[in-house]
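Participant: This is the structure I have questions about; it appears just below.
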Amino acid sequence: MILNRFIRWLGRYEGWFGGGAALCIGIGLYMGLVTSPPDYYQGEVVRIMYVHVPSAKTSLFAYLVLFIGSIWYLWKRDPVIDNMCHATAGIALFYVGTALLTGSIWAKPTWNTWWTWDPRLTSFAILFLTLVGYLMLRTFLDDKEKEATFAAILAIIGFIDLPIVYFSVEWWRTLHQPMSMSVRGISFAPEMLTPLILMSIGSSLLFSYMLMVRTQMLYLERLLEAKQGRLLSETRL
Amino acid sequence: MKRFYLRWGGVLVIGVIICLFGLARYQREVSHIPIEKFLDEKPTRAVRVLGMVVGGSLNRGGAGEPIQFTLSGTGAQVPVYYQGEDPENLRELKKLVIYGRWNPEEQRIESETILGVPNYGFVSWAYLVTLIPMTLFLFNMERKVALLYIMIKEEKVYQSEESA
Amino acid sequence: MVAIRGIALSKSFHYHQVLNEISLEVKEGECYALFGPNGAGKTTLLRIFATLHRPSSGRFEILGRDGLGDRAKIREDLFLIGHGSYLYDDLSVVENIQFALGVRGGHPTDHEIKLALDRVGIGAFRKLKSRHLSAGMKKRLSIAKTLLIRPKILLLDEAYASLDERGVVMLNDCIREFAKEGSAILMTTHDRSRTAEVAHRAGVIQQSVLQEITIQEMLAADALF
Amino acid sequence: MHFFNTIRWIAWKDLLSEVRNRENISSMFFFALIVIFIFSFSFSLDPRTVQEVMPGIIWVAFGFTAIIGLGKSFLAEVHNDCMEYFQMLPVPKGAIYLGKFIGNVLFMLIVETILFPLFVLFFNLDVLEKFPQFLLIFGVATVGLSALGTLFSALTVQVRAREVMFPILLLPMAVPIFIGAVEATRGVFNGDAFALYSHWIQLLVVFDVIFVIVSFWIFEFILDF
């Protein structure tokens with residue numbers, strides 16, 4: 001079986017990303033859980049930050065990747081780029097879900113509520129729904145080219161929509177109740193900053209690694225489909 | 001497939017080891033006992049005791065003087081003799097963890113460190129809901145990739161009887 | 001002059017290859033018939049020329065214009081009669097024609113529409129809503145649109161499907177007329193004897209490869225496809 | 001001038017079909033009517049509560065109306081493969097979007113003008129002198145909803161579970177419209193000065209402009225994949 005050069009390239013380098021991610025996250029976790037001090041006001045709960053902030057950042061980064069990838073697909077129409085977009089959406093959904101869950105767990109001891117209509121939370125929830133819609137749209141379309149194009153269009157529209165949602169919710173919130181529960185600026189001690197940076201780098205590396213593996217997975221799925229599909233096209237009728 | 005399972009077996013082993021270390025550290029440095037248990041055992045080494053500062057019992061001396069107060073649990077009370085910096089969170093009717101040892105002559109706890117009630121419950125939940133799904137997600141993807149490579153290798157391109 | 005030129009056209013639907021490096025030339029005033037088994041990629045090739053699909057590799061030219069870069073321009077010159085009837089159920093036959101030409105920027109007069117409808121034999125159903133039309137009548141309606149547009153490139157998918165005997169004669173008549181006026185016609189069909197009446201050249205697509213044959217060979221070959 | 005002609009023909013076709021079958025408007029209208037009934041049963045409606053929840057009720061009803069109406073707006077185009085015909089048209093595809101968009105805005109506005117007096121009637125609202133403000137808010141919010149709705153309708157109409165997919169895609173993205181429209185309507189009900197809620201109308205206008213332009217540009221890709 002002839003594999004695409006792209007896949008070979010991935011196979012050669014993906015280990016570095018995976019290893020780097022494991023290293024960064026391992027050290028970051030250790031520092032975050034053990035050596036970093038608890039926050040003066042929030043106590044130990046501040047340690048949630050070490051998983052929450054990186055996943056939130058990475059999910060936004062993933063959405064940016066999805067946006068750029070979608071434009072790239074509309075421009076070049078390369079099925080591998082489409083596979084990459086599809087993979088990104090799945091991983092982004094995972095990261096957004098993690099950010100929402102950990103944020104919610106953090107909000108309970110800090111704000112004494114599991115959920116609040118804070119602009120950041122709301123726009124993340126919208127992002128979550130958009131990504132769910134994106135993946136659902138992909139599963140419900142039969143024509144692969146249509147699927148790729150429509151999904152790319154949806155991703156672009158959603159990306160443009162996100163800041164508008166954020167600002168509208170912010171206006172709405174300031175009107176209805178003043179932002180009493182806003183996130184108080186956490187003064188970063190260096191002992192807290194180091195694990196946070198390590199976790200962020202590790203999370204981005206993990207994203208890249210996941211992206212490579214997942215793109216490969218989707219590519220191989222299509223390849224298998226095509227190989228099985230040749231049964232039809234090469235049979236004499 | 002063998003390499004794949006070896007790799008993930010390694011990941012699993014490392015994960016279990018880290019969990020055990022974490023648990024050991026928790027037992028050593030964070031866990032605390034309620035007052036009743038403390039009074040039953042009266043251990044000689046320093047331990048952490050959880051209790052509430054009884055209202056009206058807090059007696060701050062002057063600057064640099066030791067602070068005395070009574071700590072209460074459910075149905076038991078014990079006087080505490082604290083020497084050290086005056087912590088801000090030492091207030092009446094507040095739940096605290098006192099790190100100190102039992103003084104049998106004076107019948108009181110002598111302490112040099114006062115801690116807030118550790119709130120690790122939320123933290124560990126947050127870490128679990130992040131790390132476990134992440135591992136499963138990654139495991140699933142990698143397994144699928146490994147399987148797909150095998151399936152593609154095994155899938156024969158169809159040749160009809162006639163043309164063969 | 002060459003009207004349709006395809007150069008090494010390949011098409012795969014997400015890694016599933018349908019056409020493999022097919023090259024094809026149709027001159028102006030010529031009718032080219034494509035044969036081949038079901039699923040061989042005839043329709044796909046036609047749809048690439050109709051700018052409905054993008055080729056995965058290779059390129060094509062319509063009247064000397066690049067088929068990918070100059071899509072808006074070449075679309076003015078071509079018309080496809082395919083599986084879809086492109087009709088709106090709640091509009092009458094005449095309104096459907098007016099709409100179909102209007103969105104292209106055409107302005108047919110009522111008289112022209114009447115003549116075209118009479119020629120294809122559905123003049124009596126002018127006021128009928130198109131939801132009541134049969135498949136053959138819908139095909140005739142498409143032919144009427146073609147008569148009004150007079151495209152320089154006419155693509156016919158399954159040219160004779162669902163037409164009756166008279167309809168086939170009428171269609172062949174129209175094809176001959178278009179060819180005489182200098183249009184290029186590319187059609188797919190399975191009816192060899194009918195095709196032989198109008199086609200100048202023919203080709204067979206099999207196992208995603210195009211092979212050119214003469215009209216005599218086409219008629220003589222038995223059970224080729 | 002093909003561009004404006006195409007817009008005009010498509011809007012004309014939509015309106016004519018609607019006049020003939022009245023499918024869209026009547027289903028939108030009766031659905032919204034039922035929503036009104038359900039709401040009047042599910043809230044205890046003393047005058048103070050009405051003031052509080054009325055903007056929300058109005059926009060929930062209009063939102064559902066939009067889902068029912070806009071979701072089906074491209075159904076007729078898919079029915080006889082008319083989307084393919086649009087793809088082969090030698091005009092910028094944005095013209096097709098604008099044509100459909102104009103038709104949709106008109107349908108929505110018609111339904112809203114029929115529904116609003118019913119709200120006034122059923123909930124004893126006092127709105128007579130504030131009519132121009134309402135007209136403005138309904139106008140800008142409807143334009144925004146239709147801009148997104150027309151685009152997503154074209155996306156989802158070719159999807160298997162289109163009835164589910166359309167609201168799933170539309171509603172999260174339309175959050176700014178709902179927030180803006182509800183807040184502006186609330187401002188009007190409370191009798192606030194225009195300056196107090198004008199920023200919501202600004203938000204709606206910004207949303208309209210962005211999404212009409214983006215959809216206009218991106219529609220090229222929906223029809224030309």
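The values are calculated or read from the model by the stated rules, or taken from the named source; none is laboratory data. From a predicted model like this one, the values you see are computed outputs, not experimental measurements. All Cβ positions, glycine included, derive from the backbone under ideal geometry; neighbour counts span all protein chains shown. Please note that ligands, DNA and RNA were not included when accessible areas were found on the heavy atoms of the full protein model with its side chains. Shrake-Rupley method; radii C 1.70, N 1.55, O 1.52, S 1.80 Å.
Participant: For the range D:1-69, just run the numbers: alpha carbon Rg, then divide by 2.2 N^0.38 Å, N being how many residues it has.
Facilitator: In units of the globular-protein estimate, the range D:1-69 measures up at 1.60.
Participant: Another one. If each of D:Phe194 and D:Asp126 carries a label point 7 Å out from its Cα toward its Cβ, how far apart are those two points in nm?
Facilitator: Once both label points are built, they end up 2.2 nm from each other.
Participant: Based on the Cβ-Cβ distance from C:Asp191 to C:Glu217, what FRET efficiency comes out when R0 is 22 Å, to the nearest 0.05?
Facilitator: 0.85
Participant: Sticking with this structure for a sec: Calculate how steeply helix B:120-154 sits against the longest principal axis of the alpha-carbon atoms of chain B, using the helix alpha-carbon long axis, and give the answer as 0 to 90 degrees to the nearest 10.
Facilitator: 10
Participant: Give me the distance between the Cα centres of the range C:81-152 and the range B:28-44, rounded to whole Å.
Facilitator: Value for the Cα centre distance between the two parts: 93 Å.
Participant: In addition: State, to one decimal in nm, how far the label point of B:Glu112 lies from the label point of B:Glu29, with both points 7 Å from Cα in the Cβ direction.
Facilitator: Roughly 1.8 nm, to one decimal.
Participant: Moving to a separate point now. How would you rank C:108-115, D:217-224, highest first, on the average number of other Cβ atoms within 10 Å across their residues?
Facilitator: Highest-to-lowest ranking by the protection proxy: D:217-224, C:108-115.
Participant: Compute the FRET efficiency between B:Arg143 and A:Lys76 as 1/(1 + (r/R0)^6), taking r as their Cβ-Cβ distance and R0 = 35 Å, and round to the nearest 0.05.
Facilitator: 0.70
Participant: Follow-up question, since we're still on this one. Can you tell me the order of A:45-57, D:40-52, A:103-115 when each peptide is scored by its average per-residue count of other Cβ atoms within 10 angstrom, highest first?
Facilitator: A:45-57, A:103-115, D:40-52
Participant: Give me the lysines in straight-line cross-link reach of A:Lys76: C-alpha distance below 16 Å, same-chain residues under 8 apart excluded.
Facilitator: By straight Cα distance, A:Lys76 reaches A:Lys144, A:Lys146, C:Lys11.
Participant: Averaged across the residues of A:146-157, what count of C-beta atoms belonging to other chains lies within 10 Å of each residue's C-beta?
Facilitator: Numbers: counts 5, 4, 2, 6, 9, 1, 3, 11, 7, 0, 4, 10.
Taking the mean over all residues of the peptide, I get 5.
Participant: Something else about it: Once the Cβ-Cβ distance between C:Asn38 and C:Arg59 is put in as r, and R0 is 30 Å, what FRET efficiency do you end up with, to the nearest 0.05? Working shown, then result.
Facilitator: Numbers: r = 27 Å, r/R0 = 0.91.
Calculated value: 0.65.
Participant: Using only atoms on other chains, find how many Cβ atoms lie within 10 Å of each Cβ of peptide B:134-145 and report the average.
Facilitator: Average neighbour count from other chains, rounded to a whole number: 5.
Participant: Accessible area of chain B with a 1.4 Å probe: how many percent of it is carbon plus sulfur? Before the final figure, lay out each step's value.
Facilitator: Values: 6070 of 10610 Å².
The computed percentage sits at 57.
Participant: Oh, and also: Nearest 10 degrees, 0 to 90: what angle lies between the long axis of helix D:23-42 and the longest principal axis of chain D (Cα atoms)?
Facilitator: 30
Participant: For B:Leu136 and B:Glu41 in one chain, what is 0.36 nm times their gap in residues minus the Cα-Cα distance, to one decimal in nm? Before the final figure, lay out the partial values.
Facilitator: Working: separation 95, 0.36 × 95 = 34.20 nm, distance 4.37 nm.
Contour length minus Cα-Cα distance gives 29.8 nm.
Participant: Give me the inter-chain shielding for D:9-15: mean count of other chain Cβ atoms within 10 Å, whole number please.
Facilitator: So the per-residue partner count for this stretch is 4.
Participant: Lysine pairs, Cα distance under 20 Å, 8 or more residues apart or cross-chain: how many in the range C:76-225?
Facilitator: For the range C:76-225, qualifying lysine pairs total 14.
Participant: Indicate, rounded to the nearest 5 percent, the antiparallel portion of the DSSP beta bridges found entirely in the protein assembly as shown.
Facilitator: Antiparallel: roughly 70 percent of the beta bridges in the protein assembly as shown.
Participant: What's the center-to-center distance, using Cα atoms, between the range D:168-225 and the range C:32-71 in Å?
Facilitator: Taking the Cα centre of each part, the range D:168-225 and the range C:32-71 sit 42 Å apart.
Participant: In degrees between 0 and 90, to the nearest 10, how far off the longest principal axis of chain C does helix C:165-181 point, with axes built from Cα atoms?
Facilitator: On a 0 to 90 degree scale, this one is about 70.
Participant: Can you pull a Stokes-Einstein diffusion coefficient for the protein assembly as shown at 4 °C (1.567 mPa s), Rh from Kirkwood over Cα pairs, as a whole number of µm²/s? Before the final figure, lay out each step's value.
Facilitator: Values: Rh = 32.3 Å.
Translational diffusion coefficient: 40 µm²/s.
Participant: How long is the gain from C:His107 to C:Glu177 if the chain were fully straight, where each residue apart is worth 0.36 nm and the alpha carbon distance is subtracted? Intermediate results must be reported in sequence, preceding the final value.
Facilitator: Details: separation 70, 0.36 × 70 = 25.20 nm, distance 2.20 nm.
Length gained between C:His107 and C:Glu177: 23.0 nm.
Participant: While we're looking at this one, here's another question. How far is the Cα center of the range B:116-154 from the Cα center of the range A:124-177, in Å?
Facilitator: 26
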